[in-house]
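Each remark here refers to the structure printed beneath this line.
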Amino acid sequence: MPPSGDPDNRRQHARAPIELKVEYKRLNTFLADYTRNISRGGTFVATASPLGVGTEFVFALSVPSLGEPLKLTGKVVWTTSEDEASPANPAGMGIEFQYRDAQEQAEKEARVERILQSELGEGLAEKLLGRPLRR
């Protein structure tokens with residue numbers, strides 16, 4: 001069952017409420033949307049035009065505390081169309097982070113943890129991760 005205890009929740013990891021700019025390319029167009037939550041395993045990108053389920057793509061996550069955007073590879077694992085959207089479940093796409101190998105995964109997850117800590121504070125970051133932060 002998902003971490004929220006809600007059987008309708010499709011997330012595998014608890015998410016942090018945060019708003020960060022996400023930039024990615026769709027065909028020959030660069031898009032800028034926003035993520036409103038993030039976990040070490042993925043994120044939700046609010047968009048009226050989600051990519052298709054199964055689509056892998058590279059995106060840049062702009063974080064105020066970072067000097068340059070964090071580049072991540074993601075895979076669309078679910079979508080909510082505008083027709084299906086509601087105030088509690090907005091239009092967009094659920095993204096699962098993808099990694100080349102275990103080393104890249106450890107490095108990117110550590111960076112996401114630092115983002116959670118810097119943007120949300122140590123207490124909330126540890127609560128979302130379900131464990132103490134790595135030191």
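Taking each residue of the stretch 37-48 that is under 17 Å from residue 119 (Cβ atoms) and looking for partners that are of a type in the set (Gly, Ala, Ser) and at pLDDT below 85 with beta-carbon atoms closer than 8 Å, six or more apart or interchain, yields 37/16; 38/16; 39/14; 39/16. Restricted to the stretch 26-69, and to residues there that are β-branched (Val, Ile, Thr) and within 14 Å of the chain's Cα centre (by Cα), the residue that is surrounded by the fewest Cβ atoms within 10 Å (Cβ to Cβ) is 58.
The number of residues in the stretch 77-108 being assigned to a helix (DSSP H, G or I) and surrounded by fewer than 17 Cβ atoms within 10 Å (Cβ to Cβ) comes to 6. Among the residues of the stretch 21-40, the ones that are in a loop (DSSP other than H, G, I, E, B) and among the acidic types (Asp, Glu) come to 0 in all. Taking only the stretch 121-135 into account, find how many residues are assigned to a helix (DSSP H, G or I), surrounded by fewer than 17 Cβ atoms within 10 Å (Cβ to Cβ) and of a type outside the set (Lys, Arg). Result for the stretch 121-135: 4.
All conditions but one from (1) at pLDDT below 80; (2) among the β-branched types (Val, Ile, Thr); (3) in a loop (DSSP other than H, G, I, E, B) apply to residue 53; the one that does not is (1).
Residue 43 passes every criterion in (1) assigned to a strand (DSSP E or B); (2) modelled with pLDDT under 75; (3) within 17 Å of residue 96 (Cα to Cα) apart from (2). Each residue in the stretch 13-25 was checked for being surrounded by 14 or more Cβ atoms within 10 Å (Cβ to Cβ) and either at pLDDT 75 or above or among the polar types (S, T, N, Q) (or both), and 4 of them qualify. Condition (residue is small (Gly, Ala, Ser), closer than 12 Å to residue 59 by Cβ and either assigned to a strand (DSSP E or B) or modelled with pLDDT under 55 (or both)) applied to the stretch 2-9: is it met by at least one residue? Within the stretch 2-9, not a single residue is small (Gly, Ala, Ser), closer than 12 Å to residue 59 by Cβ and either assigned to a strand (DSSP E or B) or modelled with pLDDT under 55 (or both).
The values are calculated or read from the model by the stated rules, or taken from the named source; none is laboratory data. In this text the structure is predicted, and so the values were computed from the model without any measurement. Using ideal geometry, Cβ is built from the backbone for each residue, glycine included, and neighbour counts are taken over all protein chains shown.
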